[in-house]
């Protein structure tokens, strides 16, 4: 349940998530689903938010797309590059989430939940990138 512009909503997310056998892939996919649901809900509430919402949608879903691409990297350098792109997209998403929170577009509880998921992805990506760099030496 979330409150946006004092309107109550329920963001529907299937209980079952995609199981990749890879934590960062699973978490990024589930985060993308949450971002897509946020986009659809907020856009219905206020069409004037569309430019910002498109940014959140693009960066928030790009995280998982780049992580998925990294799985088929042609080299360790390519793998690290794709994950660095995911990390940049996660940080951009965090910015947009902070903006809509500061603008009172999203309630604090929903923001905190999305923010926590985004921060977790950032930490995972930093850890994977560091490990990959150390292993490539």
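We did not get these values from a lab; they are worked out from the coordinates using the rules stated. As the structure is a computational prediction, the values presented were derived from the model and not from experiment. Reconstructed Cβ throughout: ideal geometry from the backbone, glycine too, with neighbour counts over all protein chains shown.
Between residue 109 and residue 134, the modelled labels are 4.0 nm apart [label points 7 Å from Cα along Cα→Cβ].
Across the stretch 22-89, Cα pairs under 8 Å and at least six residues apart give a relative contact order of 32 percent.
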